[in-house]
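Nothing in this text is a laboratory measurement; each read-out follows from the coordinates by a stated rule. Since the structure is predicted, the reported quantities are computational estimates derived from the model, not experimental observations. Every residue, glycine as well, gets a Cβ built from its backbone with ideal geometry; the counts of neighbours run over all protein chains shown.
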Amino acid sequence: MIPEIQTIILAMVPINELRGTIPLAISVFHLEPSKAFFFSVIGNILPIFFLLWFLPKFSGFLIQKYKFFNIFFSWLFSRTRDRFYKKYQKFGDFALILFVALPLPFTGAWTGAVASFLFGIPYWKGLILISFGVIIAGIIVTLLSTGFFSLIGLL
């Protein structure tokens, strides 16, 4: 399979996303860092279009069909908004960008899409904020993968 397509597909996977794909694309697929960055970002953003569209529809279906899910989602939305509302109020849209951008476990585009859904962020706004976060994460991971920070003596 073509390395660029492999890179896109691997970046779409929720656990891997671009955090694991960029180093793999550079070291195993031998892509130039700029290509690894580009194809990983594309692959990481693609599923977000679907997730941001699907999550409200799927939860709405479950809420209407099953009383348990109505109770569960009401509790989940309430709990999430109560716990994180002050942080979101303080940092605004930057909170979602930063959450997606930090290359840490359980952060990233997929989790950012769930957070966007739970906070009721409109589709296009959520997509744009998550995309900014993905691009920032891609830059960080690409720089780390190419040894840039070691080169300038920061690590």
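A few comments on the model shown:
- Gaussian network model of the chain, Cα within-10 Å springs - most flexible of 24, 104, 127: 104
- Furthest towards positive pole of dipole, 144, 63, 13, structure part the chain, Cβ charges: 63
- Gained length - residue 125 relative to residue 64, 0.36 nm times residue gap less alpha-carbon distance: 19.3 nm
- Charge tally around residue 71: other residues with Cβ under 14 Å, Lys/Arg +1 each, Asp/Glu -1 each, net +3.
- Distance in nm between pseudo-label sites at residue 13 and residue 49 (7 Å out along the Cβ direction from Cα): 2.3
- Lys-Lys pairs in the chain that are eight or more residues apart or on separate chains and whose Cα atoms lie under 24 Å of each other come to 6.
- Of the peptides 44-53, 14-23, the ranking by mean beta-carbon count within 10 Å, highest at the top, reads 14-23, 44-53.
- Within the chain, the whole DSSP H helices whose Cα atoms reach 20 Å or more along their own axis and whose mean Kyte-Doolittle score is at least 1.0 are 33-65, 123-145.
- Within the shell defined by Cβ-Cβ distances under 12 Å, the residues around residue 107 carry a net charge of 0, with Lys and Arg each +1 and Asp and Glu each -1.
- Whole-Å distance, taken between Cα centres, linking the range 63-77 and the range 3-33: 37
- The chain - convex hull of the alpha-carbon atoms, volume per residue in Å³: 120
- Dipole moment magnitude, nearest 20 debye, the range 3-151 about Cα centre, only Lys, Arg, Asp, Glu C-beta charged: 740
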